[in-house]
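To keep things clear, I will list the structure first and then write my remarks on it.
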Amino acid sequence: MIKVSNIRKSFKDNVVLKDISFNVNKGEVVVIIGPSGSGKSTLLRCLNFLEKADGGKIEIGDVAVDVKQANRAAVSKLRMQTSMVFQHYNLFKNKTALENVTHPLVVAKKMKKDDAKQMGRDLLKQVGILEKENQYPISLSGGQQQRVGIARALAVNPYAILFDEPTSSLDPEWVGEVLRVISGIANKQKTMIIVTHEMNFAREIADKVIFMADGVIVEQGTPKEIFDHPTMERTKQFLKDFHRQTEVHHEFYGENTKAMLM
Ligand SMILES: Nc1ncnc2c1ncn2[C@@H]1O[C@H](COP(=O)(O)OP(=O)(O)OP(=O)(O)O)[C@@H](O)[C@H]1O
Ligand SMILES: [Mg+2]
């Protein structure tokens, strides 16, 4: 399981994560929602030490690290337990789709090039873009680039995949295909933590929803509990604001965009 205990993080005097604790069971999908600036990305980045927290403990699978005492070996072991899918894909622009996926296999897993290629092709097939294997990111749509990003994250077979708003840079027409790929992975019992503003998707895919605001977990529960019966005022307000924004967008752009946004 993933066990996050008492994670704290400040940037100078800006306290961003106050005392974050939560668990994710093996095979579970946890979705984190919350207003902009509430610390969602910082939390994900602390889990794999892209950002070093100021204190707390992180346990992922069989690797446990006390943030303050972590040495380099422990950090690198913990990093191997997760891979991240970013909002802006972060693909290597000078590598083909296939090379982007095989890169971590050759570099981190020390796999032979031919074996890596075979595995890379299987993964591209799994995300539905095998026919694009020799194309460079610039010639792929946003949705295709993000699917390469997901294949790359799967390649090292991590204990868990961390998604930071995987669809929010995409044109609405590409959102659906990426969400479908993520659902497909969830169905295979992969442990995942997903930060997203796609509320309908969150409701469908999540085993547990965590609502964060101002650096704390305000409330967590099943999608039904959080979306239909929130108990905290802060959660109710967030959901109300979200629905109002969606309605305004709907009035402005018409019926079709509502389905895409929700
Ligand atoms: N590298 C950094 N240096 C200084 N401050 C930072 C850094 N990264 C994040 N912050 C600050 O931490 C706070 C939380 O940011 P974070 O990106 O984690 O929020 P978020 O919940 O992911 O927001 P969004 O929904 O807009 O992505 C913000 O006040 C932000 O300005
Ligand atoms: Mg963010």
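Under 18 Å from the mean Cα position of the chain (by Cα), within 26 Å of W174 (Cβ to Cβ) and hydrophobic (A, V, I, L, M, F, W, C) - does that describe any residue in the range 46-57? Yes, the range 46-57 contains at least one residue that is under 18 Å from the mean Cα position of the chain (by Cα), within 26 Å of W174 (Cβ to Cβ) and hydrophobic (A, V, I, L, M, F, W, C).
Could you tell me which residue of the range 98-111 is surrounded by the most Cβ atoms within 10 Å (Cβ to Cβ), considering only residues that are among the hydrophobic types (A, V, I, L, M, F, W, C) and either within 16 Å of ligand 2 (Cβ to nearest atom) or closer than 13 Å to L123 by Cα (or both)?
In the first step, residues of the range 98-111 are kept if they are among the hydrophobic types (A, V, I, L, M, F, W, C); the result is 98, 101, 105-108, 111.
With either within 16 Å of ligand 2 (Cβ to nearest atom) or closer than 13 Å to L123 by Cα (or both) added as a condition, the list becomes 98, 101, 105.
On the way: L98: 22, V101: 29, L105: 23.
The extreme case among them is V101.
Residue-by-condition table, conditions (1) touching a residue at least 40 places away in the same chain (Cβ under 8 Å); (2) in contact with a Pro (Cβ under 6 Å, 6 or more places away or on another chain); (3) surrounded by fewer than 21 Cβ atoms within 10 Å (Cβ to Cβ):
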{"residue": "F49", "(1), (2), (3)": "no, no, yes"}
{"residue": "K68", "(1), (2), (3)": "no, no, yes"}
{"residue": "R79", "(1), (2), (3)": "no, no, yes"}
{"residue": "V85", "(1), (2), (3)": "yes, yes, no"}
{"residue": "N90", "(1), (2), (3)": "yes, no, yes"}
{"residue": "T96", "(1), (2), (3)": "yes, no, yes"}
{"residue": "E133", "(1), (2), (3)": "no, no, yes"}
{"residue": "A155", "(1), (2), (3)": "yes, yes, no"}
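Could you check, for the range 65-73, whether at least one of its residues is assigned by TED's automatic domain parsing to the domain that holds E133, among the polar types (S, T, N, Q) and away from ligand 2 (no atom under 16 Å from the Cβ)? Step through it out loud before you land on a result.
Of the residues in the range 65-73, the ones assigned by TED's automatic domain parsing to the domain that holds E133 are none.
The answer is no; no qualifying residue exists.
Within the range 11-45, which residues are part of a strand (DSSP E or B), within 13 Å of ligand 2 (Cβ to nearest atom) and within 13 Å of the chain's Cα centre (by Cα)? Passing the criteria: I32, I33.
The values are calculated or read from the model by the stated rules, or taken from the named source; none is laboratory data. Just so we're clear, the structure is a prediction, and the values are computed from it rather than from any experiment. With ideal geometry, Cβ positions are generated from the backbone for all residues, glycine too; neighbour counts draw on all protein chains shown.
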